[in-house]
1. Taking the conditions exactly as written (touching a Ser or Thr at 6+ places or on another chain (Cβ under 7 Å) and either in the same structural domain as residue 338 (by TED's automatic domain parsing) or exposed (fewer than 14 other Cβ atoms within 10 Å of the Cβ) (or both)), does residue 313 satisfy them or not?
2. If you check every pair at least six apart or on different chains, which have Cβ atoms under 9 Å apart with a residue in the range 301-316 that is free of Cβ contacts under 8 Å to residues at least 24 places away in the same chain first and a residue that is outside any strand (DSSP E or B) and not β-branched (Val, Ile, Thr) second?
3. What pairs come up if the first residue lies in the range 101-125 and is surrounded by fewer than 16 Cβ atoms within 10 Å (Cβ to Cβ), the second is β-branched (Val, Ile, Thr) and at pLDDT below 95, and their beta carbons are under 7 Å apart, counting only those six or more places apart or on different chains?
4. Residue 375 fails exactly one of the following numbered conditions: (1) of a type in the set (Val, Ile, Thr); (2) over 26 Å from residue 285 (Cα atoms); (3) in contact with a strand residue (DSSP E or B) (Cβ under 8 Å, 6 or more places away or on another chain). What is the number of that condition?
5. Among 400, 361, which is small (Gly, Ala, Ser), in contact with a Phe, Trp or Tyr (Cβ under 6 Å, 6 or more places away or on another chain), crowded, with 20+ Cβ neighbours inside 10 Å and over 23 Å from residue 261 (Cα atoms)?
6. Looking at the range 305-319, which of its residues are among the hydrophobic types (A, V, I, L, M, F, W, C) and either more than 16 Å from residue 124 (Cβ to Cβ) or within 21 Å of the chain's Cα centre (by Cα) (or both)?
7. Looking at the range 316-395, what helices (runs of 4 or more DSSP H) fall wholly within it and have at least 2 residues that are within 26 Å of residue 218 (Cβ to Cβ)?
Amino acid sequence: MRLHFGSAMREPAPPAPQTTGWRHEVKSISAAPYKIRLMRRMLPAAIAIALFLLALFFALTVAEWKAEADFARSIYAEVRRRPPHPFLQVLPAGQVGHVNEEGFRGDAITPAKPGRTFRIFTLGGSTTLGVNSAYEETYPFLVQQMLRARHPGRDIEVQNAAAAWYTTAHNVVAYDLRVRRFHPDVVIFFEAINDLTRSFSPSWFARGSFKHDYSHYLGPYARLSGPDVEFPSPPASWLDQWLIWRLVKRRLAHEPSPFNQRDPDNVARLAASMTAVDDAEFRSVESFREFYDSLIRGVRSDGATFIAASQPFLYSASLPEPERRSLYFAPIFCAENGRYPSMNAMIRGMTLFNETARSVADAEHVPFIDFAGTVPRTAQFFSDDVHLRPAGNRLVAERAVDLIEQMHLIND
């Protein structure tokens, strides 16, 4: 047996040096300047981005202020054009031409009535006022001309005291405040569509739910509550809180406006964003009945003759497409919660209000003219839902004159 003394007596090898920490330290020391250099390179870009975002926010804020200022200026211009009345909202001045100093559409008039004067006042809404007609084409003017031709020995005066947006409630107030002191001999009145619209609460014209006195329906001055009424749909995100964003989105997406009823394509887009329903509820009909009765009683208490009438309308189930494109009252003035009355509903509604007017007239024993049955429902006689063309105004005037003559109200 051999003993390997050399191997046994060999000294153990020294341990290998630990270089891991040293290399890491060297690596960390060398990486630090690189990060600093990188940060120095990125800092100007970060500052530039921050300044750009700040400038963008400032520009958007300025644009928002300008959009709000432009909206406010449009309100000021509208109020100047149609100065508000403290009780009646609007007056004919600013709506039509040939308005006299007393605020009626007609020739000059004084409260004192000469002995040979026979004075007629017409009350109503925009159809009676003739917002789409020259003064000489309105039915009150035509009544005046026809009666003057038949009674040359009398001074026939016909004053148009109607105004756009007026309901029966407005006309009760208008008669008491503005007409009564002129001592009319005859008052002719028809109105239905404006009372019908008060059954609803469109977000762009009304605030809150239906109220019996129509106080929910702000109508022409709803825009005074702010620019949000310009947009039919509620805000969908935080971006929609910015007026400038909603204006840009409306332009890019061709969103409809409830304040542009004269553009058939705009009205069609607005209608397409909602649902037409046949079961619309006409909640204002009892208010209409009450106000109508109050108006008749007020006029008759002054000794004047009251002539009631139905309101003509274009709605028809067989209406051709070109005439349908002229309609706008239902989706604009009668919308609520994404719904609006269908054609059938509007026919039913106008018939209901006209029949209610007839029933009130019968109960009060005053004459009633069926203007709705007199005017054919075609584009020859209507420019839209209820506003009449000259041919329609002439038919209405002829019926009114015929009744006045049949009643022998004018003594030569």
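1. Numbers: touching a Ser or Thr at 6+ places or on another chain (Cβ under 7 Å): no; either in the same structural domain as residue 338 (by TED's automatic domain parsing) or exposed (fewer than 14 other Cβ atoms within 10 Å of the Cβ) (or both): yes.
So residue 313 does not fit the description; no.
2. That search, which allows pairs on different chains as well, returns 303/183; 303/185.
3. Pairs found: none.
4. Residue 375 satisfies all of (1) of a type in the set (Val, Ile, Thr); (2) over 26 Å from residue 285 (Cα atoms); (3) in contact with a strand residue (DSSP E or B) (Cβ under 8 Å, 6 or more places away or on another chain) except (2).
5. On the way: 400 fails: in contact with a Phe, Trp or Tyr (Cβ under 6 Å, 6 or more places away or on another chain).
361 is the lone residue from the list that is small (Gly, Ala, Ser), in contact with a Phe, Trp or Tyr (Cβ under 6 Å, 6 or more places away or on another chain), crowded, with 20+ Cβ neighbours inside 10 Å and over 23 Å from residue 261 (Cα atoms).
6. Once the filter is applied, which keeps residues that are among the hydrophobic types (A, V, I, L, M, F, W, C) and either more than 16 Å from residue 124 (Cβ to Cβ) or within 21 Å of the chain's Cα centre (by Cα) (or both), the range 305-319 yields 313, 314, 317, 319.
7. Passing ranges, in order: 329-333, 343-364.
This table checks each residue for (1) more than 23 Å from residue 125 (Cα to Cα); (2) in contact (Cβ under 8 Å) with a residue 40 or more places away in the chain; (3) part of a loop (DSSP other than H, G, I, E, B); (4) in contact with a Cys (Cβ under 6 Å, 6 or more places away or on another chain).
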residue	(1), (2), (3), (4)
191	no, yes, yes, no
204	no, yes, yes, no
213	no, yes, yes, no
250	yes, no, no, no
266	yes, no, no, no
288	no, yes, no, no
295	no, yes, no, no
298	no, yes, no, no
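The values are calculated or read from the model by the stated rules, or taken from the named source; none is laboratory data. Quantities reported herein were computed from a predicted structural model and do not represent experimental measurements. Every residue, glycine among them, receives a Cβ derived from its backbone with ideal geometry; neighbour counts consider all protein chains shown.
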